[in-house]
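Below you'll find the structure, written out as structure tokens, and then a few comments.
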Amino acid sequence: MDILQQFLTPFINAELLLLVAVGTLAGIFVGAIPGLSVTMAVALLLSLTYSWDMLPALALMLGIYYGGVFGGSRAAILVNMPGSPSSVATSFDGFPLSQQGEARMALTLTTIFSFIGGLVGVAVLATAAPLVSTIAIQFGQRDYFLLAMLGLLLIGSLSQGSMAKGVFAAGAGIILGLVGMDSIGGGSRFTFGSLQLMNGIDFVVAILGLFGMSEILYQLKTLNEKGQTVTLKKMVFPPLRFLFKFLPLSMRVSIMGVLIGALPGAGGEIAALLAYDHAKRTTKNPNRPFGKGAYEGVIAPEAGNNSAIGGALIPLLTLGIPGDAVTAIFIGALFIHGLQPGPMLMEQSGDLFWVMVGSSVLANIFLLIFGLLVVGIFIRVVTIPKQILLPIIAVITVIGAYALNNSMTDVYWMLGFGIVGFFMKVHNFSVAPLVLGLILGPLIDTSFRRAYMAAQEPSTFLLGFVNSPISILLTLAFIFTIFSQTKMYSRMKEKMKK
Amino acid sequence: MYSFKSSLPGILMVIVSLLVLSQAVVMENQSIIDPASGSFFPALIALIMLGAGIVTIFQDRSSTQKKAAETAEQENESNEADALETFTKKDYKLILIYFCLVIGFVILLPILTFFPAAFLFLLTSMFYLKGVSWLLNVTVSLATIVVIYFLFSQLFNIVFP
């Protein structure tokens, strides 16, 4: 009964309802505008909602997340410029559909099946997360350490660029996270005698710089790139038989999407690409060949990437490991509001979980409503020139950094991280592991040292990694992840295929 | 010379990790060989980072060799590693000047307060980035600061500089 009440909270509470609605609508626009990323928007929101209560802040961020992932498809279909990485696959068939005058059909179809995919994701989240957390509750300090390291390794190796660079970025993040007072011993670390650094580096400032400012600088390069535009024809609604025809496919790719989303490090973009691939392989008679405007080609990736959100929230809420960059920022949000993301989260604040599930369902409903109603406006939104967009975001980023503590010093730190992030992007370093390391660094450090202190001797400490079933599993997963990046593994895979 | 330039990221990675490592070693009141102390773990991370840097140097070297061989055959093949080269000097100049504009905005912010500073920044940015007519520029700048101000102060309770 309690659960149902918590689940329904966002539906009944007018403030939460409104925030989810506003968040979803804003997210759709953010996602639709090429150059504005969901990660950037969530990072900005994190700084702006600093003073809020937790539930409203999370409701707004969840709305933006769902809306943003969905909104990316608008630009992919209308101007052939995916608004976000997770809608790259949608443009394969989405834009050809537009060129043949079926833009509205493509937009409506993706809306309906994004909604279905999103709901499947939430359903899996609601059933799987409590199960995972009952296992995770038995985790010891050593397991926390392994888990956090595994998360870092995965997000480092699966994100773009080479694994070595990802690992380096994660390490650098951890070191930055350790700057300041040592929470166990009490000494200062990496402060260079500066009193200001004793408090550590505020990760929100880092997030703003790395995802906000650096992105602005990076986008300047593509200042004058414009997508090809198409004209919208009058309203068409897909016939009801379409819904039944494509339902099995959308269910299959949604399940795939959740599973992929739940893997730490792999998010919506991989889910969408695999879903597209699956649709291509399993559809016998598409209405048009794939790549030339097949309906299945827009339905599958959109159902996949929206269901991946529900999946990404599972490790976030049960283990404290984010599935992608956006969920890494969510971890930061939980920290800010005094919660410790990890196995204890569900135990200590189970109400939070069900409110988040409720908000997710609500966000999907709003997504369906807005997606179907607001169609014509997108053609104008997706073609807003970057000359106008980027300066506005710059102002918001600066104000956001200032607003954290009303301090100009934070703004300069943000600019510094912006430059660092820019050069990382130029040289193919992924920024997400750095941020994650920064957030998880202190946790990894303390759990490592507590685990060692509990074991007292090096030999017992090392044996501990293979002594309990959970630790063995995690250790094996860790080793396998490293191994899977080696040349030997890819050679073995080749042989297996033959 | 070419190979040096291509392995620059790796070399930088090695330098950074050595710096971190040295800072971990000289850390006060900590003993580097005791895993429970505050400096052992950072040192361990620094070593991992060092390893990643060395791997990158070798990877970049072999990939540039491969690329050199490939480009001899076909020129228009583009992959992710090419992202570096697609940034021309002109791009960098544009980005650098724009970043200076942002810094100027940040410096002016506490002196001029939000409204004039943001207005000035938006105006100059859009003028600098070209392609926006004066009328549109002024309208957008004005609208933006008014919307940001009311939205942020009402919704997000933010105190403006």
Over the range A:387-498, calculate the relative contact order: mean separation of alpha carbon pairs under 8 Å at least 6 apart, over the residue count, as a percent.
7 percent
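What Kirkwood hydrodynamic radius, in Å, does the range A:1-143 give when the mean of 1/r is taken over all pairs of distinct Cα atoms and then inverted?
On the way: mean 1/r = 0.0594 Å⁻¹.
By the Kirkwood definition, the hydrodynamic radius is 16.8 Å.
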The range A:370-432 - Debye-derived log10 I(q)/I(0), Cα point model, q = 0.20, 0.28 Å⁻¹:
-0.89, -1.08
Pairs of Cα atoms farther than 42 Å apart, chain A, %
15 percent
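So what is the relative contact order of the range A:285-337, in percent, for Cα pairs below 8 Å that sit 6 or more residues apart?
Value for the range A:285-337: 17 percent.
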Quick check: the angle from helix A:386-405's long axis to the longest principal axis of chain A, C-alpha only, nearest 10 degrees?
30 degrees
Spatial separation of Cα centroids for the range B:100-147 and the range A:245-274, in angstrom
42 Å
Of the cross-linked pairs A:K386/B:K93; A:K280/A:K386; A:K221/A:K487; A:K245/A:K280; B:K93/B:K130, which ones have a Cα-Cα span greater than 23 Å in the structure shown?
A:K280/A:K386; A:K221/A:K487
Using the alpha-carbon atoms, what tilt in degrees (0 to 90, nearest 10) does helix A:163-178 show relative to the longest principal axis of chain A?
60 degrees
One finds the C-alpha centres of the range A:279-298 and the range A:109-177 to be spaced, in Å, by 31 Å
Using a Förster distance of 35 Å, the FRET efficiency for A:L372-B:F160 (Cβ separation, nearest 0.05)
0.40
Here the net charge surrounding A:M54, from other residues whose Cβ is less than 15 Å away from its Cβ (Lys, Arg +1; Asp, Glu -1), is -3
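Can you tell me, using C-alpha contacts under 8 Å and at least 6 residues apart, the relative contact order of chain A as a whole percent? Working shown, then result.
On the way: 964 pairs, mean separation 138.4, N = 498.
28 percent.
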Give the average, rounded to an integer, of partner chain Cβ atoms located within 10 angstrom of each Cβ in B:51-62.
4
Peptide B:95-102: average number of partner chain Cβ atoms within 10 Å per residue?
5
How big is the gap, in Å, between the Cα center of the range A:447-498 and the Cα center of the range A:311-356?
25 Å
Place a label point 7 angstrom from the Cα of B:L108 along the Cα-to-Cβ direction, then list the residues of the range A:359-393 whose backbone nitrogen is under 20 Å away.
A:387-393
Computed magnitude of the charge dipole of the range A:2-455 (debye, nearest 20; Cβ of K, R +1, Cβ of D, E -1)
1440 debye
Helix A:103-136 versus the longest principal axis of chain A: what angle, 0 to 90°, nearest 10, using Cα atoms?
30 degrees
Note the full-extension length gain between A:N467 and A:L243 as 0.36 nm times their separation in residues minus their Cα-Cα distance, in nm to one decimal.
75.5 nm
Mind checking the log10 I(q)/I(0) for the range B:89-155 at q = 0.11, 0.13, 0.15 Å⁻¹? Debye, one equal scatterer per Cα, no solvent, two decimals.
-0.29, -0.41, -0.53
For the pair A:F192 and A:Q348, how long in nm is the line joining their label points, each one 7 Å along Cα→Cβ?
3.4 nm
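We did not get these values from a lab; they are worked out from the coordinates using the rules stated. Worth saying up front: this structure is predicted, and the values here are computed from it rather than measured. FYI the Cβ positions are ideal-geometry reconstructions off the backbone, even for glycines, and counts take in every protein chain you see.
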